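Values quoted throughout were computed directly from the atomic coordinates according to the rules given, and no laboratory measurement underlies them. Since this is a predicted model, take the numbers as computed values, not measurements. Here the Cβ positions follow ideal geometry from the backbone for every residue, glycine too, while neighbour counts run over all protein chains shown.
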Amino acid sequence: MSAVLLFAFPILAIVLCLVSNSRRKIDILVVLHALLHSGLGLCAYIKRGSLMGMDDLGLFNFLILSVIYAAVAFYRLGHKDSSTLKNYRVHSIFLMIFVMAMDGAAMAKDLGLIWIFVEATTISSALLISYSNSKRSLEAAWKYLFICSVGIALAFAGILLLVIAQPEHATLLIAKIDLSTISPFWLKISFVFILIGFGTKMGLAPLHFWMPDAYSEAPAPILALLSGALLNIAFIPILRVDKLMRQSGMGDLVQELYLLLGILSVFTAAVFMLKTKDFKRLLAYSSIENMGLIMIAFGMGGMAYYAGYMHIVGHSLIKAAFFLTAGNALTIYNDKNYDNTGGLLQINRGSAWLWLISSAMLIGLPPSPLFTSKFLIAISLLKNGSYLYFGLLMLLLAVISWAIFNAGLKICLGDSERKKSLNVWLYLAPAGLLFIAALIGIFLPVMN
Amino acid sequence: MLEILIVIFGLSLVWASVTNMLGTIIKILVVQGIILFGITVLKTTQFNWLSFVTIALETLIFKAVLIPWFINDTIKHNHMRREVEASVSNFFSLALMSLIFILSFALAAAAPAWSVKVFPLEFGIAFATILKGVFIIIANKKLITQLMGYLIMENGIFMLSLSAGSDLPYIVSLGVSLDIMLSVLIAVLFIKRIRSTFDDDDAPEILREDI
């Protein structure tokens, strides 16, 4: 019943959107969808397995999506843009389709179905990125659609190889794959393709090219969902095949690949964060960095595995809040170059504090959950004797922290005579996300 | 007959490595689409009208006619230069293609306990096609050439699905169809949207942009 509701309501809402003649009504439909999503997520958490037998990995991502989608839906109540009603309607419809596709990917246990849903997220979100219909946004959406499609096609090749790996009764239902007969040779090659394919969608270096452009052009609420939820969704199929690899005794290869991609992503992010002046691009590179850290965590295994999950939830909430705050800053300055901004503390105190708190939590100052996750990753590296990785990672994280704070201080400090007030939802939505992130950071579930 | 078609398909990759003209790559896409139709028909054991129409639509209509026609139309409409403008020379491209063939067939040969359902020749060519598609995307700056690289890669994936045998999980068959739909969407809708959004002076510039 709840699963029917999860997909039937947005379909009904889409139909109502088509006949709706005001933005307000469309906004309310999106809010109702978001609230229903959160409610169902909560029910699924209380009564495990109630939502189409969703497992813990799916539920974990579903809950993150619920929280961010709720914040985005409320943020939109206060977010004004100059688009026509027709464009706004199309945008809202694709927003709901995008969320439905992510729900499907979180709930599905069949790798083929996950692939289909991830492909659906690419198509729907490409249209959301090109919302402003400007030359730059269309180029960014094209780049996103093209590079992610290449990645997804490679992932599909990986799925076909997984079929080849099974000599008899091939299935893509992860739980039903017979590991006693599977060919380790083909499983290995399949995993590499799946990692590269879905890794492209995650924005892992060296296949991250789409991310800075897409993030620079997409509207703030979409960015919150892209960075906070979609990147995690793209990680689900990798984790599902990762389980097969580890159970087949090929965990070492998985860990080496994760570490390699992870450190490369953090390095790429650090280099480009020093160069860019566009604060939305800066946050895009920060997403690449955090995806890299998540890969390092899963690559280390042991307690870093726990840190990986902690990092996913922390990054999702904080980055979504940060992108919503960046949307406020863009509304105020109408310029993404932080050298042309300044004095946000005087122009709009609320957004300035949100920016500074987001910066502090993103670099991992307590009570951010990223403090714990980064700490555990560092400890794991030391425990494993990976001193070179540890030293390199600390250096890169220091560079990245400097870049984030440098931008934040330039935006927030300085003198300005201007005053600009914003709708209350534009503060409440990111503040709510940061508050939840802080609560998670303070009341961390006790590690076993 | 089946083997001959697969070998011709492989030769089309060599042809793609030595050409400098966009028009030739379009012809290669047409040839590959027709060959894929032929391979699928030859591998069919039980005739079924519905699956025949689906395969004909996917291979002949989309891969061999609609997409190549649309790319050709885009090139003409935007008065684009007819050269591929690759970042690497033909010699390098050909040498790399040879390496790709060696790697793909080595992979096919190295595979332990070959399943009876997999064709090594078909697998080797399919794998080489995927890698060749990726190489074209990486080695070319022109968006339209990269799109052709993507379509060649898609043809490789289609062939890989054929080499994996007929008892594929239904979801894989669905995925193959969806993948083709996505390539159509990318090739047709998005470029059309870009073209219609900007006036004639701007559009060629966008379509020539590096990715």
Within the set A:Ala229, A:Ala378, A:Ala214, GNM on chain A using Cα springs under 10 Å gives the largest fluctuation to A:Ala378
GNM on chain A, Cα springs under 10 Å; top mean-square fluctuation among A:Gly58, A:Gly302, A:Gly151 goes to A:Gly302
Residues B:Val41 and A:Lys277, FRET efficiency given R0 of 56 Å [Cβ-Cβ distance, rounded to 0.05]: 0.45
As I understand it, the dipole of chain A uses +1 on the Cβ of Lys and Arg and -1 on the Cβ of Asp and Glu, about the Cα centre. Which of A:Ala403, A:Leu162, A:Leu261 lies farthest toward its positive end? A:Ala403
In square nanometres, what is one fourth of the surface area of the convex hull spanned by the alpha carbons of segment A:267-448? 9.7 nm²
Cut-off 15 Å between beta-carbons: net charge of the residues surrounding A:Tyr306, Lys and Arg +1, Asp and Glu -1: +1
Cα centroids of segment A:304-320 and segment A:260-282: how far apart, whole angstrom? 18 Å
The protein assembly as shown: mean projected area of Cα convex hull, nm²: 28.9 nm²
Show me, for segment A:99-114, the HN-Hα J-couplings you get by feeding each phi into the Karplus relation (A = 6.51, B = -1.76, C = 1.60, θ = phi - 60°), rounded to Hz, glycine and proline as x. 5, 4, 5, 5, 4, x, 5, 6, 7, 5, 10, 8, 4, x, 5, 4
Arranged by the count of other C-beta atoms within 10 angstrom, fewest first, what order do A:Thr325, B:Thr74 take? B:Thr74, A:Thr325
Charges at C-beta only: +1 for Lys and Arg, -1 for Asp and Glu. How large is the resulting dipole of the protein assembly as shown about its Cα centre, in Debye rounded to 20? 1160 debye
Please work out whether segment A:83-228 counts as rounded, prolate or oblate from its C-alpha gyration tensor, where a ≥ b ≥ c are the square roots of the eigenvalues and a/c under 1.5 means rounded, while otherwise a/b larger than b/c means prolate and anything else oblate? prolate
In the protein assembly as shown, if the dipole is taken from +1 on Lys/Arg beta carbons and -1 on Asp/Glu beta carbons about the Cα centre, which of B:Met1, A:Val90, B:Ile180 is farthest to the positive end? A:Val90
Can you show me the helix-derived [θ] at 222 nm for chain A, built from DSSP H runs with n ≥ 4 at -39,500 (n - 2.57) apiece and divided by the number of residues, rounded to the nearest 500. -26500 deg cm²/dmol
Loop-only check: which chymotrypsin sites (Phe, Trp or Tyr not before Pro) in segment A:408-448 are DSSP coil with at most 16 other Cβ within 10 angstrom? A:Phe443
Hey, got the dipole for segment A:267-448? About the Cα centre, +1 on K and R Cβ, -1 on D and E Cβ, debye to the nearest 20? 120 debye
Give me the net charge of A:Leu283's neighbourhood, meaning all other residues with Cβ under 12 Å from the Cβ of A:Leu283; Lys, Arg count +1, Asp, Glu -1. +2
Using label points projected 7 Å from each Cα along Cα→Cβ, tell me how many nm separate A:Leu18 and A:Thr181, to one decimal. 4.6 nm
Once Lys and Arg get +1 and Asp and Glu get -1 on their Cβ, which of B:Val18, B:Phe101, A:Val31 lies farthest toward the positive end of the dipole of the protein assembly as shown? A:Val31
Per-residue HN-Hα couplings for segment A:35-46, Karplus 6.51 cos²θ - 1.76 cosθ + 1.60 at θ = phi - 60°, whole Hz, x for Gly and Pro? 5, 4, 4, 5, x, 5, x, 5, 4, 5, 6, 5
Global form of segment A:352-429, assessed from the alpha-carbon gyration tensor, a/c cut-off 1.5: oblate
Inter-label distance, nm, simple model (7 Å from Cα along the C-beta direction), A:Lys86/B:Leu50: 3.8 nm
Pick from A:Ala175, A:Ala403, A:Ala234: which is most flexible by mean-square fluctuation in a GNM of chain A where alpha carbon atoms under 10 Å apart are linked? A:Ala175
Using the basic label-point model (7 angstrom from Cα toward the beta carbon), what is the A:Ile11 to B:Glu3 distance in nanometres? 5.1 nm
Counting Lys and Arg as +1 and Asp and Glu as -1, what is the net charge of the other residues whose Cβ lies under 14 Å from the Cβ of B:Ser183? -3
What lysines does A:Lys275 reach when the alpha-carbon gap must be under 22 Å and sequence neighbours fewer than 8 apart in one chain are set aside? A:Lys143, A:Lys319, A:Lys336, A:Lys410
